[in-house]
């Protein structure tokens with residue numbers, strides 16, 4: 001099998017993935033199953049991330065930890081085995097509040113073949129809110145410990161959800177404080193979601209003492225602009241998955257309402273799909 005950018009061991013993949021965060025800007029598309037992961041690699045990406053929402057949708061769950069730790073780890077396992085490039089796993093909020101829960105979750109992701117892990121600081125046990133700051137830092141420290149104990153330089157991407165959970169208050173100071181404490185606790189990258197404004201992104205990138213990841217979508221500045229603003233990593237969450245599902249609905253509506261098949265014009269042929277899945 002000829003696979004692009006072949007890296008033979010998980011340790012080598014981890015080292016390669018960590019190096020991608022050290023200069024320039026890393027654009028990571030988010031896959032949700034093996035076929036989508038293979039398509040993204042075929043498009044030329046040297047690493048991919050997963051999307052918790054897309055992974056959950058693909059096996060019949062709603063987003064928000066409903067898939068569970070074991071279910072998510074199994075989806076990640078299939079993707080990591082299906083492509084030769086580094087895979088970073090979105091493991092949501094760690095499937096439990098305690099640092100021990102996070103440590104177990106990170107270990108499960110790494111055992112599944114991932115070389116990067118996202119951990120959020122949003123508490124899902126009741127009405128959505130941020131975990132207490134001290135607990136959040138300990139959770140990141142536990143993630144780092146799990147990666148170190150596993151024996152690879154896995155990238156810990158610590159996500160802070162202040163801009164989506166903080167209501168109307170200005171979350172800049174709290175976001176910067178959390179991001180920097182997470183980096184001090186061992187995170188390799190600070191992930192800030194819920195920000196689209198270019199000036200705000202620039203201010204955050206300048207105030208955060210390490211690589212910053214933004215979640216991009218309509219209204220977010222283009223990648224080149226984000227690079228100029230100091231952003232180091234860009235992901236798109238569930239947007240590609242939802243775009244694919246939207247296209248599937250449009251195709252179904254054409255078939256049902258018009259009885260025509262124009263949706264199939266220009267699609268991958270069967271041999272092309274086989275080539276992509278094989279990584280040739």
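Here are the numbers for the structure shown:
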item	result
The stretch 1-142: Cα Rg divided by the 2.2 N^0.38 Å rule of thumb	1.04
Degrees separating the helix 239-257 axis from the principal Cα axis of the chain, which is the longest one	30
Rounded to 10°, Cα long-axis angle of helix 172-184 versus longest principal axis of the chain	90
The stretch 39-158 - share of DSSP beta bridges that are antiparallel (%, nearest 5)	20
If the convex hull is drawn through the Cα atoms of the chain, its volume per residue in Å³	137
Percent antiparallel among DSSP beta bridges (both partners in the chain, rounded to 5)	5
Cβ-Cβ FRET estimate between residue 261 and residue 101, R0 fixed at 35 Å, reported to 0.05	0.10
Fully extended contour minus Cα-Cα distance, from residue 184 to residue 70, at 0.36 nm per residue	38.1 nm
Highest-MSF residue in the chain out of 82, 113, 126 [GNM, Cα springs under 10 Å]	126
The stretch 26-41 and the stretch 86-127: distance between their alpha carbon centers, rounded to Å	19
Sequence-separation-based contact order of the stretch 197-280, relative, with Cα cut under 8 Å and 6+ spacing, percent	23
Zone residues, the stretch 218-238, relative to residue 197, backbone N less than 16 Å from point 7 Å out along Cα-to-Cβ	219-221
Hypothetical label at residue 9: residues of the stretch 71-96 whose amide nitrogen lies under 19 Å (7 Å Cα-Cβ projection)	81, 84-87
Gaussian network model of the chain, springs between alpha carbon atoms under 10 Å - residue of 145, 13, 250 with greatest fluctuation	250
Relative contact order, percent, the chain [alpha-carbon distance under 8 Å, six or more residues apart]	21
Spatial separation of Cα centroids for the stretch 212-280 and the stretch 171-199, in angstrom	27
Mean Cα-pair separation over length for the stretch 3-92, i.e. relative contact order, pairs under 8 Å, 6 or more apart, %	36
Gaussian network model of the chain, springs between alpha carbon atoms under 10 Å - residue of 141, 128, 178 with greatest fluctuation	128
Whole-number D in µm² s⁻¹ for the stretch 90-161, Kirkwood Cα-pair radius fed into Stokes-Einstein, 37 °C, 0.692 mPa s	278
Bins of 5 Å from zero: percent of alpha-carbon pairs in the stretch 136-280	2, 9, 14, 14, 14, 11, 10, 9, 8, 6, 3, 0
Label point distance in nm, residue 133-residue 62, each placed 7 Å from Cα along Cα→Cβ	3.3
Potential lengthening between residue 19 and residue 225 on full extension [0.36 nm per residue; Cα-Cα distance subtracted]	72.0 nm
Degrees between helix 68-82 axis and first principal axis of the chain (Cα, 0 to 90, nearest 10)	60
Using alpha carbons only: equivalent-ellipsoid semi-axes of the stretch 49-97, gyration tensor based, whole Å	18, 12, 9
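No lab work stands behind these numbers, since they all come straight from the coordinates. From a predicted model like this one, the values you see are computed outputs, not experimental measurements. Using ideal geometry, Cβ is built from the backbone for each residue, glycine included, and neighbour counts are taken over all protein chains shown.
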